[in-house]
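This report concerns only the one structure given below.
Each value in this text was obtained by applying a stated rule to the coordinates, not by laboratory testing. All values derive from a computational prediction rather than experimental measurement. Here the Cβ positions follow ideal geometry from the backbone for every residue, glycine too, while neighbour counts run over all protein chains shown.
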Amino acid sequence: MRVITLLLILVSLAACGRVDAQETPETVFSGPQAGEAVPPLTVEILTGDQAGETVDLRKRFEGKPSVIFFIHQLTRPGFGLMRTITDFASQRTLASNRSKETPASEDKLPVGVVFLTADKTETIQWASNVKRLFNESVIYGVSPDGIEGPGAYGLNRHVILTVLVCDPSKVVKNFALVQPQLQADGPAMLEAIVQVTGGGEVPSLDQLDPNGRGMMRQRSGAGPAMTPELTQQLRGLISKNADESQVKQRAEELEKYLEQHPEGKKEIARIVNTIIGSGKLEDYGTPAAQRILMQWKEKYRDFAPSQNRGGDPNAKPQSRD
């Protein structure tokens, strides 16, 4: 009897071990979880009339739902996702104010973006160089607590983004993203933001960002913007969920489109060279998609710009790319 009991215990422990082994790599925690209170959050404002001032974002947002982005590492996919989601969030009218006559600045969802960095001075300089990429309705700040961020938040420095969607008193949704991708992570964030502001229709990414601005919008003065068709095909190509056959199909469709619309070759060449030159090719899609991007670098070499243009969010600070 003792032998049978011992065997049952060992089988039970082995089963628990298998579950832990499967779940641990997929479970990433960073920041207060859903249902937990949001601690005070001191930041130094980076842009606008209040640049240089130190404020508590939680006091600024007190009594209102809010969205807070923590940027642990500055990458192109993360920056693009942040821009698209914060643009949408900052335009959401709060449910409590929809029937009131309040100034526009007071009836919108408060949004904050906090940069975590080991070199605050460098980050402040970088922000001044790319401030035209920022949304005037969003508060951008740098944490005085360095790369780890405020201790009360329990942030994980190994993620790229931590995003908190909050009601007036607690976290409603927490997104800890190791490999942020707009097309993969954006829909759930949009749903959470719509929920916290009183419900309604959740827009699709195409409705929200038809020209692909969040991922890789063409900058002012750098040539024609990407068309919705080109954007959609490129998104499908670099999706982390695309299998090899889907990648191949998207690549063929996109190349066919470029033959019919040769003006798009310059834009694709610029994008591909920027991705590969950033040293972050592995952040874009699957290995099959990455091989396609490398092939396009050679195929469209004659259409590539002679040098990188200004306003690249990855240009500074170098240590955070």
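Here are a few things to note about the model shown:
- Treating r as the C-beta distance of Gln207 and Asp119 and R0 as 45 Å, the FRET efficiency rounds to 0.70.
- With neighbour counts taken as other beta-carbon atoms within 10 Å, the residues Val159, Val272 rank, fewest first, as Val159, Val272.
- Simple rule: put +1 on each Lys or Arg Cβ and -1 on each Asp or Glu Cβ in the range 42-208, find the dipole, and look at Val165, Gly48, Ile139; the Cα lying farthest toward the positive end is Val165.
- Residue pairs, from the table Lys120/Lys170; Lys173/Lys297; Lys108/Lys131; Lys170/Lys240; Lys131/Lys248; Lys248/Lys280, whose Cα atoms sit over 30 Å apart: Lys173/Lys297; Lys170/Lys240; Lys131/Lys248
- Cα-centred dipole magnitude for the range 223-303, charges only on beta-carbon of K, R (+1) and D, E (-1), debye, nearest 20: 200 debye
- Near-label residues of the range 25-69 by backbone N, under 17 Å of a point 7 Å along Cα→Cβ of His158: 25-31
- Mean projected area (nm²) of the alpha-carbon convex hull when the range 223-303 is viewed from all directions: 4.8 nm²
- Sorting Arg92, Arg83, Arg157 from the fewest to the most surrounding beta carbons within 10 angstrom yields Arg157, Arg92, Arg83.
- Between the listed residues Leu254, Gly277, Gln290, the Cα displaced farthest toward the positive end of the dipole of the range 223-303, a dipole computed from Cβ unit charges relative to the Cα centre, is found at Gly277.
- Summed side-chain charge close to Val247 - residues other than Val247 whose Cβ falls under 13 Å, Lys, Arg +1, Asp, Glu -1: 0
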